[in-house]
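The values are calculated or read from the model by the stated rules, or taken from the named source; none is laboratory data. What you see is a predicted model, and the numbers here were worked out from it, not measured in a lab. Note: ideal-geometry Cβ built from the backbone for every residue, glycine included; neighbour counts use all protein chains shown. Accessible surface is based on the protein model in full, side chains and every heavy atom, while ligands, DNA and RNA are left aside. Shrake-Rupley method; radii C 1.70, N 1.55, O 1.52, S 1.80 Å.
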Amino acid sequence: MAAHIVEVNRGLLKELEDMGFSMARAAWALHHSGNSSLEEAVNWIIDHENDSQFEKMPLMEFNIEIESPNAYDDTAETSQARAKELMEQARKLREEEETKREREREKERIRAGKEMMETKRIPEENERRRNIALRKAEKDEGKKAREQIMLKVNEDKLKRKRRLGLPTETESASTSTHVSPLNTKRVIMSPPSPASKAEEMRECLRSLRRNHKDEDPRITRRAFETLLTIVRNAANKSGEERYRRIRLTNRLFHERVGIYSQGIEFLELCGFKREDGSEFFYLPYLDVDINRLRDAAFQLNYAITNPFFGLLSTEAEDREQ
């Protein structure tokens, strides 16, 4: 850098020196500002006031073509005052520029923040929609499961009624609307006498135990005990609605009773009804039949205490008891 020759305006150089700037910095300032004006030179000095490389004096060449005609008109005091004014103007201009840049940076930060929030919002919104879809799918699945349980309950009920000689709804409707012609070749047998509710309850419990005989007997025993608790509460605390209402989706109820179609049917035999469009089994207060609930409790207690319940024929089972 020391070997570099710079052309400077002698008048401007003198003015800069009078303002208090070193000759080295004044020379470099005039060189880099193209000797255009005193203001440009002062601005350059302010911009590079911390650059130590410009403290070393360059080789200068004075060009008369760029001499200032009024190089020595100002006094030292006037030059220093002018330098101070120019520096203040330059600093003010830079503060304004910095303020403007800070506003632009703030706008950029706000824009980036909005983009980040939007980027974060989209996955959260997708996750929320996915959770809603999952809950809906679970609800639909639960509804299908309950419908399948009720379908199985009705099928088991139909089979049991046929086995006990009870008329089914289909047969009752067929008998009332259609009369078959007399077939003299067919042997006409009188239907068996209808079974009582207590017998239906016992047969329902036998079917539950029989259909799950290969499982741990403690599992079906737990189902019987849960049903017994429900029945006793409904009989002893019939005035309190919460003891006459069962949520089918309750986890404990589903695990112990709800998974068995016979468990649901047994509650129906006790008077519980499925509320339309809901997930509750409900025993209306006016439909509470204490005698029926006592019969149900007796049958459940019998199923719990008899280790051979549902595994032997009815007669053999009674003998073992």
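Observations, loosely collected:
- The set of residues from region 151-176 being open to solvent by 90 Å² or more (accessible area, probe 1.4 Å) and at pLDDT 65 or above comprises 151, 159, 162, 163.
- When residue 312 is tested against (1) touching a residue at least 12 places away in the same chain (Cβ under 8 Å); (2) outside any helix (DSSP H, G or I); (3) surrounded by 14 or more Cβ atoms within 10 Å (Cβ to Cβ); (4) not polar (S, T, N, Q), only condition (1) is not met.
- Qualifying positions in region 28-38 - in a helix (DSSP H, G or I), at pLDDT 85 or above and surrounded by fewer than 24 Cβ atoms within 10 Å (Cβ to Cβ): 31, 32
- Members of region 224-242 found to be farther than 17 Å from residue 295 by Cα and touching a residue at least 12 places away in the same chain (Cβ under 8 Å), listed by number: 239, 241
- Selection status of residue 266, open to solvent by 10 Å² or more (accessible area, probe 1.4 Å), closer than 18 Å to residue 199 by Cβ and part of a helix (DSSP H, G or I): no
- Taken as a whole, the condition of being touching a residue at least 60 places away in the same chain (Cβ under 8 Å) and assigned to a helix (DSSP H, G or I) applies to residue 303.
- Answer residue from region 39-57, given it is outside any helix (DSSP H, G or I) and of a type in the set (D, E, K, R) and is most open to solvent (accessible area, probe 1.4 Å) among those: 56
- Unmet requirement for residue 296, which otherwise passes all of (1) surrounded by fewer than 20 Cβ atoms within 10 Å (Cβ to Cβ); (2) within 22 Å of residue 159 (Cα to Cα): (1)
- Under the condition of being assigned to a loop (DSSP other than H, G, I, E, B) and closer than 20 Å to residue 283 by Cβ, the residues counted in region 202-257 number 8.
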